Amino acid sequence: MARTRCTDRVIGGILASWRYDISNISPEMRKDYEQHFAECPHCSSRQNFHRGLDVSLAVLTSLAIFFFLFALAVLKHIKPLEHVAFNVFGLDIADTYHMLVSAGIAGLVFSVVALLLVLTTTPAPSYLGGIAAEQARLIEERLPAAIKAFRSR
Ligand SMILES: [Zn+2]
């Protein structure tokens with residue numbers, strides 16, 4: 001990250017304490033901060049960095065949930081392979097199976113908790129929601145007049 005200096009250290013300090021998230025403050029108050037983001041390359045790059053971090057955390061925890069679900073599905077459905085592995089490694093089938101299932105469930109629960117924490121403590125949902133709303137608005141603008149009239153009824 002570039003070692004730039006904030007142009008206004010008071011506003012910069014406030015923004016840093018919010019992790020550069022101004023989505024929760026009223027639109028009138030937001031104007032000043034938005035102007036600061038426009039003027040200050042330091043704060044706008046920090047804001048981009050933090051939102052990127054939030055989104056990657058949400059993506060990583062979602063992926064973890066997916067992989068643990070996949071692991072549990074594999075454990076449930078690939079019995080013959082499992083049998084070979086257990087014979088080769090000389091492991092007790094029932095114990096190892098239960099251990100793997102427990103590990104899978106624990107991992108799944110942990111990932112769900114992690115995703116919930118990410119979604120509740122970071123502005124990732126409103127950030128992604130904002131992108132989605134913007135896309136919806138762009139699509140709506142391109143709709144033919146006939147469909148627009150139908151929708152407004
Ligand atoms: Zn700044």
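Can you say whether Thr61 is modelled with pLDDT of 90 or more and not aliphatic (A, V, I, L, M), as far as the supplied structure shows?
For Thr61, the condition - modelled with pLDDT of 90 or more and not aliphatic (A, V, I, L, M) - is met.
Checking Val112 against (1) modelled with pLDDT of 85 or more; (2) within 16 Å of the ligand (Cβ to nearest atom); (3) touching a helix residue (DSSP H, G or I) at 6+ places or on another chain (Cβ under 8 Å); (4) aliphatic (A, V, I, L, M), which single condition isn't satisfied?
(2)
State whether the residues of the range 38-53 include one that is exposed (fewer than 11 other Cβ atoms within 10 Å of the Cβ), in a helix (DSSP H, G or I) and at pLDDT 90 or above.
Yes, because at least one residue in the range 38-53 is exposed (fewer than 11 other Cβ atoms within 10 Å of the Cβ), in a helix (DSSP H, G or I) and at pLDDT 90 or above.
Which of the residues that make up the range 1-36 are aliphatic (A, V, I, L, M), in a helix (DSSP H, G or I) and more than 13 Å from the ligand (Cβ to nearest atom)?
Met29
The values are calculated or read from the model by the stated rules, or taken from the named source; none is laboratory data. This one's a predicted model, so the numbers in the text were calculated from it and none came from an experiment. Ideal geometry is used to build each Cβ from the backbone, glycine not excepted, and the neighbour counts take in all protein chains shown.
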